[in-house]
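The values are calculated or read from the model by the stated rules, or taken from the named source; none is laboratory data. Since we're looking at a predicted model, the values are computed, not measured. Please note: Cβ atoms are built from the backbone with ideal geometry, for glycine as well, and neighbour counts cover all protein chains shown.
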Amino acid sequence: MFLQVWMLAISLFSYGCGSGSSGGDDTTGPRGVREGGLGTPVSLSLQDPTCQKSSTALVLQDGPIDRSYTGEGLYQGLELKIFKKHFSLLIEAKDQSNISDIRVCRDRSGVRADTVEGATIKVLDDVKAANQFYRKTAENGSSTTPLSLNMFPLYEQYVKVEVDPDFVEEGQPSEIEQGGYVTDNAAWTYSTDENGVDRYSMIFFPKSKELAKKGWFNGKGLWEVPFVARHEFGHHVFSEYMKNTDAFSSLSSWYRKKNSYLPLGTISGNGAIERSMLLARMGTSSQREAMWVAINEGFADLFAYLSMGGNDQLADFSCFSKNRQLSEGKFHDGRYKSVTDLVLNEFFTEEESSNPLALAVEEEASCQSYSLRDPHIIGAMIAHGILKILSDDDDLEELSVRTFKWISSLKDYGANYSQKDGSELLSYVVSKAVAVVSQEDDSAATLIKLTDKVNKYFPFSGGMKEIRNSN
């Protein structure tokens, strides 16, 4: 269970458009720490409190989710020194005394949406629909490993981040102390318990008063957004394909040795700080692992999009529109979703060249800001490009079948995983998408069209080398 806790400690530290923020108010947060990056949770009440105490009442579960619960607590103190590559967990205390299964004693149609039970039912419905899509479309989708649903845990954190003064310009922060609760996010987690049994869980954190006031996410909790639950379940599907490969085992083992985490789960991430934290933990061996994470994020976006019938419903949704929309070819600032050398160089950079805390302050002002060091953003580029390669027309069913053929074929690279750097890994992944289409139609016209797509969406150096070799 420690691995799962540690995973959350880092991957939910701070986000470009996913973290609650006090907006710089001079208020005192938990344990006397000035707030400045975490949120104040908006609590949902139980519609039927007495029902939760009944051992005969039904625990909410459906589809692949075999248990839903609430009430988990956690306190953590963390310290990070950027550039000195120092990270330490100062204190951790987990509180499970208030955990209880979420139960219903009435017909679901009578459960209000603005309650813990109602929010849980909403997530269950979205995950069930996504699982039905998976089982109907994928060749091996007849079964799914069960997972639990953890609703609205209260994860309190104190985080201190320091930057070397040499990288701090006038007017920029050199140190940030954050105190508050993890809010406005969702995650898929994987861990192995003390008996060696794999455990999977999906987590939805409370929304924050601060971001709700700003109107981020249209003022909604992320459990209300179908794309989010389906994205998280997409991580679960990804693990179904990859968990027995050498690549997945290697990455999992590598993180365990670091007493760190599998960054496979959150819906959004702050590139400035989160990426710096990854580098502080990983050093110069991070390229391959970082690309693996980005590919996972890209598949989760693509899975959510397809399971919703090719309409992710994000067009008018603040903080996700354009940046995470699969159908959009540009980010919010007009940058094309194209994986160039510049993009990969920024993503793979092993040292900071400027103060990441300054960027974090800028990101706090707008949830449409993003960083090329964020695996979610690189994943959005990958997902858009793979979507274009696999789709010939508007046949969504064919596109969905091809997507699962593509992700299934990635298992083959496990044996060569350790021999590939980040760009070679991406080239291999793209070549597999090309192969799915070319195996159906290897005409000259199709190959020319595929080449044009690769050059447009994946024009990084050497991007075509392995693709040529595969055809």
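Is it true that VAL163 is more than 30 Å from GLY310 (Cα to Cα), more than 23 Å from the chain's Cα centre (by Cα) and surrounded by 24 or more Cβ atoms within 10 Å (Cβ to Cβ)?
Here the answer is yes, as VAL163 does meet what is asked.
Applying the selection to segment 119-150, what residues are crowded, with 20+ Cβ neighbours inside 10 Å and under 24 Å from LYS53 (Cα atoms)? If the condition is that a residue be crowded, with 20+ Cβ neighbours inside 10 Å and under 24 Å from LYS53 (Cα atoms), then ALA119, THR120, ILE121, VAL123, LEU124, LEU147, LEU149, ASN150 are the ones that fit.
The condition (being among the hydrophobic types (A, V, I, L, M, F, W, C) and free of Cβ contacts under 8 Å to residues at least 60 places away in the same chain) is satisfied by just one residue among VAL225, VAL197, VAL237, VAL182: VAL197. If you go through segment 117-137 one residue at a time, do you hit one that is in a strand (DSSP E or B), among the charged types (D, E, K, R) and in contact (Cβ under 8 Å) with a residue 40 or more places away in the chain? Within segment 117-137, not a single residue is in a strand (DSSP E or B), among the charged types (D, E, K, R) and in contact (Cβ under 8 Å) with a residue 40 or more places away in the chain.
Regarding PHE233, is this residue of a type in the set (Phe, Trp, Tyr), out of contact with any strand residue (DSSP E or B) (no Cβ under 8 Å at 6 or more places or on another chain) and crowded, with 20+ Cβ neighbours inside 10 Å?
Taking the combined requirement at face value, the residue does not satisfy it.
When ALA186 is tested against (1) at pLDDT below 85; (2) of a type outside the set (Ser, Thr, Tyr); (3) under 22 Å from GLU72 (Cβ atoms), only condition (1) is not met. Which of the following residues is part of a strand (DSSP E or B), in contact with a helix residue (DSSP H, G or I) (Cβ under 6 Å, 6 or more places away or on another chain) and among the β-branched types (Val, Ile, Thr): ILE176, ILE203? The conditions single out ILE176.
When GLY463 is tested against (1) over 16 Å from ARG288 (Cβ atoms); (2) at pLDDT below 90; (3) surrounded by fewer than 20 Cβ atoms within 10 Å (Cβ to Cβ), exactly one condition is not met: (3).
Looking at LYS136, LYS122, LYS160 in this structure, which one is modelled with pLDDT of 95 or more and among the charged types (D, E, K, R)?
Exactly one residue qualifies, and that residue is LYS122.
Within the set SER371, SER268, SER353, the sole residue that is surrounded by fewer than 18 Cβ atoms within 10 Å (Cβ to Cβ) and either modelled with pLDDT of 55 or more or in a loop (DSSP other than H, G, I, E, B) (or both) turns out to be SER353.
Restricting to segment 206-230, and then to whatever is among the hydrophobic types (A, V, I, L, M, F, W, C) and touching a strand residue (DSSP E or B) at 6+ places or on another chain (Cβ under 7 Å), can you tell me which residue is nearest to THR189 (Cα to Cα)? Applying the filter and picking the extreme gives VAL228.
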